[in-house]
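I am attaching a structure below and will ask some questions about it afterwards.
The values are calculated or read from the model by the stated rules, or taken from the named source; none is laboratory data. Computed from a prediction, not measured in an experiment: that's the story for all the values here. With ideal geometry, Cβ positions are generated from the backbone for all residues, glycine too; neighbour counts draw on all protein chains shown. The protein model used for the area step is the full one, side chains on, heavy atoms only, and it has no ligands, DNA or RNA in it. Shrake-Rupley method; radii C 1.70, N 1.55, O 1.52, S 1.80 Å.
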Amino acid sequence: MPIRIDFFAITILLGVVQGLLLGGLLLTEQRAKSLANRMMGWKMLAFSAAILEVFLCYTNYQFQTLWADNFAEPTNFLLALLPYFFVYARIHGRLPNRYGWHLAPFIFWCIYSVFWQHQPLDYKYNSYLDAWHPDLPFRDVSLWHSEDPLHIREHVNDFTLVSILLYIGLSLREIIRSFRQNQLNFFTLTPTPPLTPLRNLTLLSCLFPFVFIGVKLTFEEDLGDYLLGSWITFYVYVTSYLVVSHSSLFQVESTDSEPKKKYEKSSLSEDHGTLILQKLQQLLETEKPYTDNDFTLPKLAQRLSVSQHHLSQVLNDRLQQSFFDWLAYHRVEEAKRLLADPGLSHLKIDEIAERVGYNSTSAFHTAFKRNTGNTPAQFRNQA
């Protein structure tokens, strides 16, 4: 069969390359110290592997690489799992409890794939024809052993769809909870990193099950997988755009010029910015508004009698913090004071969390460890 290079082939190949570049970027140097970065990096590599297989099959390069037939099939169980791990790690600073169980389907399928990978090349030739060129003549082949002893491989698309739906649902649940904890509307148009970028990326993922179902119902076998590969390529490039435009999503250090660019059209003068900062400092000295569990940026702006936009600009430009980072910092500082007070040693950790403004003990633990490097219990013991 001749090599087929067309629009879809080039699109998918670009997705493979971009996924490899982005995955490598997030898994190296200082960026790899962030757990969320590592999860997104592995996700991009898994996507690259999945669509590389589609590229080889669609272009007929698979005839020259029969040994690699279906090599990426286990990654089907990572396509939505790793995005969920990324969302969870970005929000909580850690992976879900007993996260290893979530990897069980992927690990099982990797082991189970030995049954069809350890077969003659003629078997892999027939396997490729069956999926992509059913009109061509098949070869006679004697299997070395059963390629599917449990008779479950024909349901791999069903298993994949269940996995995708499950983990997209779990990702949405975590994001919705975080919006509620921060007293924000899930559909707000106001940029609130990292929640809005996480929401947008996950909502985009919600389209994939519909594309997946439509392709599998329309095409026989894998003949429509080039459309799935093209969609994943689009997702990879959207993610790349978010890396550039929302660097805080991946906890990359921002440069001094970034906040200025963001607010270069702002009407805030230097003197007015200084006045807002002074009013904010005065408020902190006389009150502790951040201990209110429903404290938000609009409420702080109202207390200071300033616009939300100008207040956000002051926090970003003058303090190098987003509102949520500023809020977490002061709540953690207050918690440190309470934890170090011998007279308050009778208070439980969840009571401390409630006193400093957290409705969720897990959110308190995440913020405390992110700011101090220790859990609240460890800090209390050291104090």
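Tell me which residues, restricted to segment 1-30, are part of a loop (DSSP other than H, G, I, E, B) and either modelled with pLDDT of 95 or more or not polar (S, T, N, Q) (or both).
1, 2, 3, 4, 5, 6, 27
Which number in (1) farther than 30 Å from residue 120 by Cβ; (2) open to solvent by less than 40 Å² (accessible area, probe 1.4 Å); (3) not in a loop (DSSP other than H, G, I, E, B) marks the one condition that residue 166 misses?
Among (1) farther than 30 Å from residue 120 by Cβ; (2) open to solvent by less than 40 Å² (accessible area, probe 1.4 Å); (3) not in a loop (DSSP other than H, G, I, E, B), the lone unmet condition for residue 166 is (2).
Go through segment 78-110 and give me each residue that's surrounded by 16 or more Cβ atoms within 10 Å (Cβ to Cβ), in contact with a Leu (Cβ under 8 Å, 6 or more places away or on another chain) and assigned to a helix (DSSP H, G or I).
81, 83, 84, 85, 87, 88, 89, 90, 91, 102, 106
Scan (1) farther than 22 Å from residue 105 by Cβ; (2) surrounded by fewer than 19 Cβ atoms within 10 Å (Cβ to Cβ); (3) of a type in the set (S, T, N, Q) for the single condition residue 196 breaks and write down its number.
Condition not satisfied by residue 196: (2).
Right, something else. Return a yes/no flag: does segment 59-74 have any residue that is more than 24 Å from residue 169 (Cα to Cα) and either free of Cβ contacts under 8 Å to residues at least 12 places away in the same chain or of a type in the set (Lys, Arg) (or both).
Checked segment 59-74: at least one residue is more than 24 Å from residue 169 (Cα to Cα) and either free of Cβ contacts under 8 Å to residues at least 12 places away in the same chain or of a type in the set (Lys, Arg) (or both).
Further, regarding this structure: Criterion first (open to solvent by less than 20 Å² (accessible area, probe 1.4 Å), more than 25 Å from residue 92 (Cβ to Cβ) and not hydrophobic (A, V, I, L, M, F, W, C)) does residue 214 satisfy it?
Working: open to solvent by less than 20 Å² (accessible area, probe 1.4 Å): no; more than 25 Å from residue 92 (Cβ to Cβ): yes; not hydrophobic (A, V, I, L, M, F, W, C): yes.
So residue 214 fails the test.
Another question, then. Residue under question is residue 50, and the condition is that it be within 29 Å of residue 115 (Cα to Cα), modelled with pLDDT under 95 and hydrophobic (A, V, I, L, M, F, W, C); does it hold? Explain how you work it out, then say what you get.
Numbers: within 29 Å of residue 115 (Cα to Cα): yes; modelled with pLDDT under 95: no; hydrophobic (A, V, I, L, M, F, W, C): yes.
No; evaluated as a whole, the condition is false for this residue.
How about segment 169-195: which of its residues are assigned to a helix (DSSP H, G or I) and at pLDDT below 85?
Taking segment 169-195 first, the residues assigned to a helix (DSSP H, G or I) are 169-181, 195.
Listed by number, the residues that qualify are 178, 179, 180, 181, 195.
To continue, here is another question. So which residues in segment 291-309 are open to solvent by 20 Å² or more (accessible area, probe 1.4 Å) and assigned to a helix (DSSP H, G or I)?
Within segment 291-309, 291, 297, 298, 299, 302, 303, 308, 309 qualify.
Looking at (1) without any contact (Cβ under 8 Å) to a residue 40 or more places away in the chain; (2) farther than 18 Å from residue 295 by Cβ; (3) within 31 Å of the chain's Cα centre (by Cα); (4) in a helix (DSSP H, G or I), which one does residue 381 not meet, given that it meets all the others?
Just one mismatch for residue 381, condition (3).
Right, residue 126: over 30 Å from residue 369 (Cβ atoms) and not aliphatic (A, V, I, L, M) or not?
Answer is yes for this residue.
Every residue, every condition in (1) of a type in the set (Lys, Arg); (2) open to solvent by 20 Å² or more (accessible area, probe 1.4 Å); (3) not in a helix (DSSP H, G or I), yes or no:
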position: 325; (1), (2), (3): no, yes, no
position: 333; (1), (2), (3): no, yes, no
position: 347; (1), (2), (3): no, no, yes
position: 351; (1), (2), (3): no, yes, no
position: 367; (1), (2), (3): no, no, no
position: 371; (1), (2), (3): no, yes, no
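Shifting gears a bit: Take segment 30-79 and flag every residue that is aromatic (Phe, Trp, Tyr) and under 25 Å from the mean Cα position of the chain (by Cα).
Residues satisfying the conditions are 42, 47, 55, 71, 77.
Could you pull out the residue among 355, 318 that is of a type outside the set (S, T, N, Q) and at pLDDT 85 or above?
Testing whether each residue is of a type outside the set (S, T, N, Q) and at pLDDT 85 or above leaves just 355.
Still on this structure, I have one more. Out of (1) among the basic types (Lys, Arg); (2) surrounded by 14 or more Cβ atoms within 10 Å (Cβ to Cβ); (3) under 30 Å from residue 294 (Cα atoms), what's the single condition that is false for residue 173?
Result: residue 173 fails condition (2) only.
If you scan segment 281-290, which residues turn out to be open to solvent by 80 Å² or more (accessible area, probe 1.4 Å) and within 22 Å of residue 352 (Cα to Cα)?
Listed by number, the residues that qualify are 285, 286, 287, 288.
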